[in-house]
1. Check B:Arg103, B:Arg171, B:Arg166 and return the single one that is within 14 Å of another protein chain (Cβ to nearest Cβ) and either of a type in the set (S, T, N, Q) or surrounded by fewer than 19 Cβ atoms within 10 Å (Cβ to Cβ) (or both).
2. What about B:Asp106, is it in contact (Cβ under 8 Å) with a residue 24 or more places away in the chain and acidic (Asp, Glu)?
3. Kindly establish whether A:Gln29 is without any contact (Cβ under 8 Å) to a residue 12 or more places away in the chain and of a type outside the set (D, E, K, R).
4. Pull up the stretch B:141-153, narrow it to residues that are buried (at least 24 other Cβ atoms within 10 Å of the Cβ) and among the β-branched types (Val, Ile, Thr), then point me to the one that is farthest from B:Glu6 (Cα to Cα).
5. Pick out the one residue from A:Gly135, A:Gly144 that is at positive phi and touching a residue at least 12 places away in the same chain (Cβ under 8 Å).
6. Out of A:Leu175, A:Leu127, A:Leu181, A:Leu121, report the one residue that is in contact (Cβ under 8 Å) with a residue 40 or more places away in the chain and over 16 Å from the mean Cα position of the chain (by Cα).
7. With the structure loaded, tell me whether B:Val91 is modelled with pLDDT under 95, within 12 Å of chain A (Cβ to nearest Cβ) and on the phi < 0 side of the Ramachandran plot or whether it fails that test.
There are 2 protein chains.
Amino acid sequence: MQVLKERIQKDGKVKAGNVLKVDSFLNHQMDIKLFEAIGKEFKRRFADVEINKILTIEASGIGIACVVAQYFGVPVVFAKKNQTKNIAGEVYTSQVESYTHGRVYDIIVAKEFLGEGDKVLLIDDFLANGKALEGLAALVEASGAELVGAGIVIEKGFQVGGEIIRNKGIRLESLAIVDSLDEVTGKITFRE
Amino acid sequence: MQVLKERIQKDGKVKAGNVLKVDSFLNHQMDIKLFEAIGKEFKRRFADVEINKILTIEASGIGIACVVAQYFGVPVVFAKKNQTKNIAGEVYTSQVESYTHGRVYDIIVAKEFLGEGDKVLLIDDFLANGKALEGLAALVEASGAELVGAGIVIEKGFQVGGEIIRNKGIRLESLAIVDSLDEVTGKITFRE
């Protein structure tokens, strides 16, 4: 997605440890006009399949998922990272290892919001080691819903997540795949 | 907002401890068409003021804020609840006591995304004791930005938050104000 790649080149910042900081437009401050373009693009790429629900994970996936959902005309469910007293009753649970936070946490979805007959598109901002997406896919599988595919805004192509997800036979659409980050020069190289 | 009140009556569930569970359409599963109606309504109520940024707080405020932002044509910034290694550098910080989680946590916003010249609308799903909104208002004040107002989807009118925020002179627009919850009968009473 050309407009996204240009934006990453313009405003993305390369930090030590293969970190690509895009918090000026994607996951802290959020450029809603860009999100609309992202929504249109995901709809174009998944135009051939039936989708009735979008599943994402808190926190930074939620904003993108909600704007994307407008182009599909479907509700969004977000997996929560911590049990709160507002989610009583039965939930699906999966464990996720966070690259950003360096710890393992549970993600949960209430059973009433995901189940047989649902055709689910996963949406998230980043794909790196694939743990969050694997966790979401596990929730979908546990629920008996159908996993139609996954839409990712930025895939770190030099990490294993994309390969893991594709090898599982999950249809993965990444709008920008970053093949390398040079923390000395700041150069960001995209996959063609 | 009539359509919202009807939805709360239809799908909201009253739980012990004055909990109003609306996670089937507002803060776990999210009805994006309802969010669009909410966005239109906030735009109508704040049509007379200039706004160039929406500030919300993770997690459940983000989806609403992003859809609302489309009607204002402005970006969204969300305050983060935990410092991660992706937010280095300077941030504004405020402390918030969570009613839902029963603990105190820090919220932060990177200084580069909030500052002098910004005209900020706060958006959140719930207003109960007002702590989250007070925390967001404190971040705006610390940044030198102008706080134009606050838009809340559901205000619990029997808790102190609304009064605290209004007494501070903050323009507060709540789309539904719940005056009482009866956990025995499940009855939800709205302020006229």
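1. Values: B:Arg171 fails: within 14 Å of another protein chain (Cβ to nearest Cβ); B:Arg166 fails: within 14 Å of another protein chain (Cβ to nearest Cβ).
After ruling out the rest, the residue left standing is B:Arg103.
2. Values: in contact (Cβ under 8 Å) with a residue 24 or more places away in the chain: yes; acidic (Asp, Glu): yes.
Yes; evaluated as a whole, the condition is true for this residue.
3. Yes.
4. B:Ile152
5. On the way: A:Gly135 fails: at positive phi.
Testing whether each residue is at positive phi and touching a residue at least 12 places away in the same chain (Cβ under 8 Å) leaves just A:Gly144.
6. Exactly one residue qualifies, and that residue is A:Leu181.
7. Details: modelled with pLDDT under 95: yes; within 12 Å of chain A (Cβ to nearest Cβ): yes; on the phi < 0 side of the Ramachandran plot: yes.
It is true that B:Val91 is modelled with pLDDT under 95, within 12 Å of chain A (Cβ to nearest Cβ) and on the phi < 0 side of the Ramachandran plot.
Yes or no, residue by residue, for (1) hydrophobic (A, V, I, L, M, F, W, C); (2) at pLDDT 95 or above:
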{"residue": "B:Val14", "(1), (2)": "yes, yes"}
{"residue": "B:Phe25", "(1), (2)": "yes, yes"}
{"residue": "B:Lys33", "(1), (2)": "no, yes"}
{"residue": "B:Ala37", "(1), (2)": "yes, yes"}
{"residue": "B:Asn52", "(1), (2)": "no, yes"}
{"residue": "B:Ile62", "(1), (2)": "yes, yes"}
{"residue": "B:Ala65", "(1), (2)": "yes, yes"}
{"residue": "B:Gln83", "(1), (2)": "no, no"}
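The values are calculated or read from the model by the stated rules, or taken from the named source; none is laboratory data. Just so it is clear, the model here is predicted, and its values are computed rather than measured. Positions of Cβ are backbone-derived with ideal geometry, glycine not excepted, and every protein chain shown enters the neighbour counts.
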